[in-house]
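Worksheet for the structure shown next.
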2 protein chains.
Amino acid sequence: MAEMNRQIILTARPVGFPKDSDFEMVETPIPEPGDGEIVIQTHYLSVDPYMRGRMNEGRSYAKGVDIGEVMVGGAVGAVVASKHPGFSEGDFANASIGWQAYGAIEGKAARKVDPDLAPISTSLGILGMPGATAYFGLLEVGQPKEGETVVVAGAAGAVGSLVGQIAKIKGCRAVGIAGTDEKVAYVTDGLGFDSGFNYKTTEDYGAALQELCPDGIDVYFDNVGGKISDAIFPLMNLNGRIPVCGQISQYNLTEPEMGPRFTWFFISKRLRMQGFLVFDFADQYDAAIQEMAGWLKEDKLRYREDVVEGLENAPAAFTGMLRGDNIGKRVVKVI
Amino acid sequence: MAEMNRQIILTARPVGFPKDSDFEMVETPIPEPGDGEIVIQTHYLSVDPYMRGRMNEGRSYAKGVDIGEVMVGGAVGAVVASKHPGFSEGDFANASIGWQAYGAIEGKAARKVDPDLAPISTSLGILGMPGATAYFGLLEVGQPKEGETVVVAGAAGAVGSLVGQIAKIKGCRAVGIAGTDEKVAYVTDGLGFDSGFNYKTTEDYGAALQELCPDGIDVYFDNVGGKISDAIFPLMNLNGRIPVCGQISQYNLTEPEMGPRFTWFFISKRLRMQGFLVFDFADQYDAAIQEMAGWLKEDKLRYREDVVEGLENAPAAFTGMLRGDNIGKRVVKVI
């Protein structure tokens, strides 16, 4: 009997945190490439916070996944069949083929991955979308200047861990917020952040931030939102910048959350808050990855991966990531 | 007996809307100019929303007025004594001398007013701080492009009425929100806004905006905040801009107001929200006033003044302005 493809499909729209019954694994034939397409055998797939939005119906910046469709997401693996001149069998490629063991996709929508540059899984993290998100969000939107203070929550995650390190490369003070003492130790001792605190054991975020940011906050890289943002606003410096990358604290709420209105701070501090998507910087993407790869080689950037084994565990890996189980970039190892 | 100066001093920090007993009128000697100073006899003084912040203790972007001090604010009048080479007796000058009949101030902190350009009272409105606020906030921060939709609340006020008209000059659709049907008629029929609605008689702001902004909202000039902003966010277009100029809906609250969190829209719509103060554009101020004066002469800009007679009525004129009693720029005529 021929080997089959395995796919994780969305079977129900999650209410709050996704649960196992919102997904199902199905077997289907391994796809053949159409003209201009390649077929990738997935080695690693990515689980990222933005996917929670795609599980909803038409509420995100991109179309949601339909019920019965394969869950979307980035993956990296070996090209096993190619009808695109840019790829040969045995190449490694990164593309949004979703949560499945094999995926067919147009070659022009795939990115070749050099296994000699770094392990191919990094194309889902530091040398991929999360890396570019940190890079462009901090540098292009946040525009940190030497000597300024940069605060990031989700500091031990795929994006946050890079935001703080890039801030350090640019001569800033980097302060990280994370959900366990181990994560705080990881970003300070392991990654060189100047300081950090555990938001789950800290009662007064404002007091903690005031202590850790004696010169105020110039850039708040907002990937979390909610109560952490509430504590940040009063401490922002004049002409502070707030790149908005995510709102993970809000993604699994079943009722919209209310919070204190903070628009006044925009006037008193002349703040600029700006949302961005990494896709907005597509034309500069390769240059950013090259620069990050250089920093990686020089040990100016470090990363950690949190590897969950087995395609069948992708839904649990995803939900655990939303809950903060991981330190570093969480990926699912498929083979 | 020599003529005396009259001053309105702050006697108590208002709680919520200011009341008469928060102010007192006192008589003091008419000041003499020190070296480099001029003395202005006030013809008109300005009442503006920002003054509410100055009545609080250290909560605004500038130092609050101390108890027992003259209320701050812009005024225009005749120079009656000068020890500054730039001013002669009989000149007209605009300066922040506060709520008083005579004020001494350094000549370099005063701006000469040309009574032939327009009535001198306009130096407190369309050709003064409110005019420059509308000009820089919309054009520099909001960056409207031809064919886009600009929404402004407080549309019949000193700033809002200009925002919509400048938007029209730039080829945009201008939609105004105001608190009476008369005001809505004024901005649409009188000032050329494309449409508007009365927020006090409209239940569903979102539905009203959706109808009046069929192509969505590109620039929301936020001078009000609160529930109007809540209705705006879901209707903002991709890459929308939100210059933040004021939050008049919040100034008299005794408890901070809660509102739905809206940061998610920053990501899905890639919004940019930016606070500004007109003082940030001080070096371009004169050029802006000149351009506005030109538009005024060409009848591309119109204005209305709401004149309250008598220095003693300044506190009531101010509080009434906060409540929205005025159509157009409210000034107090002192002599």
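We did not get these values from a lab; they are worked out from the coordinates using the rules stated. Small disclaimer: the values here were computed from a predicted structure and weren't measured. Don't worry about glycine lacking a Cβ; one is built from the backbone with ideal geometry, like all the others, and counts go over all protein chains shown.
Listing for the model above:
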quantity: Column: log10 I(q)/I(0), Debye, Cα scatterers of chain A, q = 0.08, 0.10, 0.12 Å⁻¹; calculated: -0.38, -0.59, -0.84
quantity: Neighbour-count order for B:Leu162, A:Leu139, fewest beta carbons within 10 angstrom listed first; calculated: A:Leu139, B:Leu162
quantity: Normalised contact order of segment B:258-335, rounded percent, pairs of Cα under 8 Å and 6 or more residues apart; calculated: 25 percent
quantity: Length-normalised contact order of segment B:129-279 in % [C-alpha pairs under 8 Å, at least 6 apart]; calculated: 23 percent
quantity: Cβ-based exposure ranking for A:Phe265, B:Phe221, A:Phe17, in which fewest neighbours within 10 Å come first; calculated: A:Phe17, A:Phe265, B:Phe221
quantity: Cα centroid of segment A:182-230 to Cα centroid of segment B:236-264, whole Å; calculated: 25 Å
quantity: For the protein assembly as shown, Kirkwood radius (reciprocal of mean inverse C-alpha pair distance, Å); calculated: 27.7 Å
quantity: 26 Å Cα-Cα threshold exceeded, pairs from B:Lys145/B:Lys269; A:Lys183/A:Lys333; A:Lys200/B:Lys227; B:Lys168/B:Lys269; B:Lys170/B:Lys333; calculated: A:Lys200/B:Lys227; B:Lys170/B:Lys333
quantity: Quotient of C-alpha Rg and 2.2 N^0.38 Å, computed over segment A:129-279; calculated: 0.94
quantity: Under Karplus coefficients 6.51, -1.76 and 1.60, residue-wise ³J(HN,Hα) of segment B:95-110 in Hz, glycine/proline x; calculated: 7, 7, 9, x, 7, 7, 6, 9, x, 9, 7, 4, x, 6, 9, 10
quantity: Fewest-first sequence of A:Val150, B:Val308 by Cβ atoms within 10 Å of each Cβ; calculated: B:Val308, A:Val150
quantity: Proximal charge balance of A:Ala314 [Cβ under 13 Å; K/R count +1, D/E count -1]; calculated: -3
quantity: Distance between segment A:57-136 and segment B:287-308 - C-alpha centres, whole angstrom; calculated: 57 Å
quantity: Simple label model, 7 Å out from Cα along Cβ direction - A:Glu312 to A:Asp299, nm; calculated: 4.2 nm
quantity: Span-like helix ranges in chain B, DSSP H, alpha carbon extent 15 angstrom or more, Kyte mean at least 0.0; calculated: none
quantity: B:Lys227-A:Asp286 pseudo-label distance in nm [points 7 Å out on the Cα-to-Cβ vector]; calculated: 5.4 nm
quantity: Rel. contact order, % - alpha carbon contacts under 8 angstrom, at least six apart, chain B; calculated: 17 percent
quantity: Cross-link reach list, aspartates and glutamates versus A:Lys329, counting only Cα pairs under 16 Å and skipping chain neighbours closer than eight places; calculated: A:Asp48, A:Glu182, A:Glu305, A:Asp306, A:Glu309
quantity: Per DSSP, loop trypsin sites (Lys or Arg not before Pro) in segment A:1-106 with at most 10 further Cβ within 10 Å; calculated: A:Lys63
quantity: Principal semi-axes in Å for segment B:171-245 [√(5λ), Cα gyration tensor, largest first]; calculated: 18, 14, 12
quantity: B:Asp181/B:Ser96 FRET efficiency (R0 35 Å; Cβ-Cβ; nearest 0.05); calculated: 0.50
quantity: Using a 7 Å Cα-to-Cβ projection, B:Ser195 label spacings across copies, nm, ascending; calculated: 5.3
quantity: The protein assembly as shown - mean residue ellipticity at 222 nm from DSSP helices (-39,500 (n - 2.57) per run, n ≥ 4, rounded to 500); calculated: -5500 deg cm²/dmol
quantity: Among beta bridges that DSSP assigns inside the protein assembly as shown, antiparallel share in %, nearest 5; calculated: 60 percent
quantity: Segment A:85-193: trypsin sites (Lys or Arg not before Pro) in DSSP loop, at most 16 other beta carbons within 10 Å; calculated: A:Lys145
